[in-house]
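FYI, it's all coordinate maths here, none of it is from the lab. Everything quoted here is computed from the prediction, not taken from an experiment. Counting neighbours? That spans all protein chains shown, and the Cβs are built from the backbone with ideal geometry, glycine included.
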């Protein structure tokens with residue numbers, strides 16, 4: 001049988017189960033990564049497991065999200081993560097070193113390896129030929145403790161690339177085209193695999209841009225083959241010895257296929273307020289812009305920023321535009337300073353900000369009220385920038401840079417500006433921002449915990465009767481930003497669930513937390529693709545703290561569904577979507593015989609006032625059933641340890 005690259009990589013790591021679509025399997029995890037927005041919870045959970053030694057080949061704790069230190073909270077979290085990293089043999093990347101996905105690509109990514117990260121954009125590693133999956137923090141903690149991850153064998157969507165990109169068309173335009181075609185729900189339950197002659201025209205950083213934004217498709221991950229361009233990239237980073245060739249068999253069969261002629265693509269943009277709301281720059285027209293932000297884990301590579309510097313060289317940022325640039329790593333920043341590219345940016349009028357996630361997560365650089373911001377980022381959800389009424393467009397670095405000069409959204413092909421050719425660079429290994437464990441015994445390294453760090457909430461075991469009150473009826477495509485807002489005011493409290501919970505759903509319904517307190521046991525009704533967006537388990541932990549018992553939705557995003565189960569909150573899917581329209585606030589609902597029903601594929605919910613019974617889909621695996629019965633993953637692990 002001809003095998004896809006996905007099948008080859010997963011079969012090479014199978015610990016339990018076999019390659020059968022829809023089957024639950026366990027795979028060996030070679031590497032993990034965490035970042036500080038989710039990492040504090042990961043390491044609190046790792047400490048709770050009382051692990052003596054982690055089981056992965058490599059684990060890295062990055063500090064890249066909460067780097068604004070306007071109070072003690074972020075600095076305390078960083079110190080806590082550093083202390084736990086030392087205790088468990090985890091590498092620690094200090095603030096200022098750069099963005100986790102760009103750093104991991106440069107320093108640690110290896111073709112053929114598996115990577116699990118507590119950030120939804122971990123699939124960036126797929127650009128190197130890795131199976132790199134974003135997951136909730138608890139799943140990452142368990143992977144560190146046990147060296148494995150449980151997943152369902154997905155569909156494999158094959159995307160054949162032919163031709164080559166035209167000038168002013170970039171890898172960002174490729175993934176925007178895919179999002180336009182498949183939508184933000186098109187990759188749910190699937191791995192996206194790229195193949196074909198066109199792959200050889202894309203650099204590793206191009207490929208990483210595409211796999212990075214595969215997260216916006218809802219895909220488990222995305223992956224490219226590793227080839228001579230992969231070897232070339234690893235050589236440039238001083239790691240050619242890490243190269244391995246991996247590719248699909250000729251004639252491999254995919255569950256679904258698409259074909260993209262790269263030469264036919266124009267510069268594209270995702271319009272407000274969704275990454276799949278895509279049109280050509282020409283079609284959108286020369287809208288006036290107020291801000292341009294270049295960077296993020298999607299587009300902060302050396303090649304991207306050298307192109308930006310070349311476009312800006314000898315030009316001036318428009319007087320009405322604020323241009324901010326955040327390099328992806330300290331290594332890139334250093335090289336830009338050495339070769340003069342940084343001077344071209346500054347001379348043009350750009351503001352250079354820290355190597356960090358920054359504006360992408362609303363951590364500074366929010367646009368003005370009612371402003372238009374062009375960003376090379378991966379998400380443009382309403383309010384994510386930190387300005388509720390801003391219009392955010394997602395574009396390539398090339399489109400962003402030329403638009404910063406003209407002051408309007410601009411198709412670079414219509415200008416006289418020349419695109420620079422970026423020569424290959426060799427990078428020296430730099431470890432000034434990296435703290436490497438020194439082998440000190442775990443018991444001799446204390447954990448440093450500041451006053452803002454609170455214990456993560458635990459659920460109670462599932463009871464036979466589950467009662468609750470509907471405290472929210474939400475619409476379609478609810479994001480984790482909607483559930484647990486992420487901005488410069490709230491990010492410092494990522495380790496304080498009691499405080500965060502008071503802002504749960506705050507941008508949608510300010511009364512949600514108080515309604516939960518009155519109800520004590522709450523129920524959320526959701527539309528399709530409920531929980532899309534980031535991997536943050538806070539979007540499950542805050543509802544857990546507020547007493548949410550179960551969520552009924554038309555469909556769920558993969559990571560959020562897993563996070564709900566990990567927290568012991570039952571995610572149920574409408575068997576008849578028209579039932580959604582019958583629910584209202586303060587409606588009482590009951591699940592009878594829950595301990596029995598949870599084992600069935602169909603679960604009945606009763607309205608005790610009207611007597612109406614709703615049928616829902618409860619398609620849980622045996623392991624998920626045990627977790628829900630125990631009240632979450634931590635409780636289940638405690639049960640197992642007692643046996």
> Stretched out fully, how many nm does the piece from residue 1 to residue 585 gain, at 0.36 nm a residue minus the Cα gap?
Replying inline: 204.9 nm
>> With only alpha-carbon pairs counted, each pair once and no self-pairs, how large is the Kirkwood hydrodynamic radius of segment 466-642 in angstroms?
In response: 16.2 Å
> Of the listed peptides 610-619, 145-154, 94-103, what is their order by residue-averaged count of other C-beta atoms within 10 Å, with the highest listed first?
Replying inline: 94-103, 145-154, 610-619
>> Under the 0.36 nm per residue contour assumption, what length would be gained going from the current alpha-carbon distance of residue 200 and residue 68 to full extension?
In response: 43.5 nm
>> Just want to confirm a number: the relative contact order over segment 269-411, from Cα pairs under 8 angstrom separated by 6+ residues, in percent.
In response: 37 percent
> How high is the relative contact order of the chain, in percent, with contacts defined as C-alpha pairs under 8 Å that are six or more residues apart?
Replying inline: 14 percent
> If you project the alpha carbons of segment 5-264 onto their three principal axes, what span does each projection cover, largest first, in Å?
Replying inline: 51, 43, 37
> Tell me, how many Å apart are the Cα centres for segment 187-222 and for segment 433-503?
Replying inline: 30 Å
> Using a Förster distance of 25 Å, how high is the FRET efficiency between residue 442 and residue 24, based on the Cβ-Cβ distance and rounded to 0.05?
Replying inline: 0.15
>> Between segment 50-114 and segment 518-558, what is the separation of their alpha carbon centroids in Å?
In response: 28 Å
>> Starting from 0.36 nm per residue, how many nanometres of slack lie between residue 413 and residue 619 once their C-alpha separation is accounted for?
In response: 69.1 nm
> Which whole-number percent is the relative contact order of segment 466-642 (Cα, under 8 Å, 6+ apart)?
Replying inline: 23 percent
> Do the sum for the chain: with -39,500 (n - 2.57) for every DSSP H run of n ≥ 4, divided by all residues, what is the mean residue ellipticity at 222 nm, to the nearest 500 deg cm²/dmol?
Replying inline: -8000 deg cm²/dmol
> For segment 312-440, how big is the tail of P(r) above 22 Å, as a whole percent of Cα pairs?
Replying inline: 44 percent
> Between segment 366-392 and segment 241-263, what is the C-alpha centre distance in whole Å?
Replying inline: 35 Å
> R0 = 60 Å: FRET efficiency of residue 181 with residue 50, Cβ-based, nearest 0.05?
Replying inline: 0.80
>> Please compute the Kirkwood hydrodynamic radius of segment 71-113 from all pairs of different C-alpha atoms, in Å with one decimal.
In response: 12.0 Å
